[in-house]
1. Looking for whichever is β-branched (Val, Ile, Thr), farther than 18 Å from Cys109 by Cα and buried (at least 18 other Cβ atoms within 10 Å of the Cβ) here; the options are Val157, Val143, Val168, Val151. Which one fits?
2. Hey, could you check the range 1-12 for residues that are at pLDDT 95 or above and assigned to a loop (DSSP other than H, G, I, E, B) and say which is nearest to Asn77 (Cα to Cα)?
3. Within the range 140-188, how many residues are under 14 Å from Gly88 (Cβ atoms) and either of a type in the set (Lys, Arg) or part of a helix (DSSP H, G or I) (or both)?
4. Only one of (1) within 15 Å of Ala158 (Cβ to Cβ); (2) part of a helix (DSSP H, G or I) fails for Ala99. Which number is that?
5. Tell me which residues, restricted to the range 24-50, are outside any loop (DSSP other than H, G, I, E, B), in contact (Cβ under 8 Å) with a residue 60 or more places away in the chain and not β-branched (Val, Ile, Thr).
6. If you check Ala21 against the conditions, is it in a helix (DSSP H, G or I) and in contact with a strand residue (DSSP E or B) (Cβ under 6 Å, 6 or more places away or on another chain)?
7. Just to check your reading of the model, which residue among Asp80, Asp70, Asp27 is acidic (Asp, Glu), surrounded by fewer than 19 Cβ atoms within 10 Å (Cβ to Cβ) and touching a helix residue (DSSP H, G or I) at 6+ places or on another chain (Cβ under 7 Å)?
Amino acid sequence: MPKKVVAIVGSYRKGGTIDSAIDAILDGALEAGAEVEKIYLIDRQIKSCRNCRVCTQEAGLRRGVCVLQDDMDDILNRIDAADALVLGSPMNFYTVTAATKSFMERLVCYAYWPWGAGGPKFRNKQHSKQAVVVASSAAPAFVARLSSDIVGLLKRVAKLLGAKKPRVLFIGMAAMEEKQALPQKVRAKAKALGEALA
């Protein structure tokens, strides 16, 4: 049975650097026999978390149920059913995009945090999924990685969603042109990462 790879795109630019890199990863996975799916956060309705913590009150391994009615439950069902994940966001003001941040805040449902407890306990103890996190910056990669924890943030999200040890694709100098082509070296690395996911 082929592996299922689900990609979450947190970029605002379809066809931009992050989207193109994720396409190359998915191309590699598809060519290696996986089933692939790409979800654009900008195309989905994801309401802002109210921090009501209703989803965190019941114990158990199953994620909590959110009171908000939108597309988040469908997205999380697809992620939960996947064998591998790709999470991507460009760096905006030293962190992920607002679309990605809204998605991330809603992941509190993966924690058990009853009132009176000092902090949350994450429900998912199994880390069996493969994952790749993709980030980009207008700055050179080494400068951007030193000035931001965007990679660490995306890796923590991947682990929360069941990934064991996410691989990283970081693309620097990604805003030199309005419509910048993905460098061939980056595309080749992305395809290889996709093949490894499959």
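The values are calculated or read from the model by the stated rules, or taken from the named source; none is laboratory data. This structure is a prediction, so every number in the text was calculated from the model and none was measured. A quick note on method: Cβ atoms are made from the backbone with ideal geometry, for glycine too, and the neighbour counts reach across all protein chains shown.
1. Working: Val157 fails: farther than 18 Å from Cys109 by Cα; Val143 fails: buried (at least 18 other Cβ atoms within 10 Å of the Cβ); Val168 fails: buried (at least 18 other Cβ atoms within 10 Å of the Cβ).
Unique residue meeting the criteria: Val151.
2. The initial filter retains those residues of the range 1-12 that are at pLDDT 95 or above, namely 3-12.
Now restrict to residues that are assigned to a loop (DSSP other than H, G, I, E, B): 3, 10-12.
Values: Lys3: 16, Gly10: 18, Ser11: 21, Tyr12: 23 Å.
Going through the qualifying residues, I end up with Lys3.
3. Residues that pass the stated criteria total 9.
4. (1)
5. Selection gives Ala24, Leu26, Asp27, Gly28, Ala29, Leu30, Glu31, Leu41.
6. Values: in a helix (DSSP H, G or I): yes; in contact with a strand residue (DSSP E or B) (Cβ under 6 Å, 6 or more places away or on another chain): yes.
Taking the combined requirement at face value, the residue satisfies it.
7. Exactly one of Asp80, Asp70, Asp27 is acidic (Asp, Glu), surrounded by fewer than 19 Cβ atoms within 10 Å (Cβ to Cβ) and touching a helix residue (DSSP H, G or I) at 6+ places or on another chain (Cβ under 7 Å), namely Asp27.
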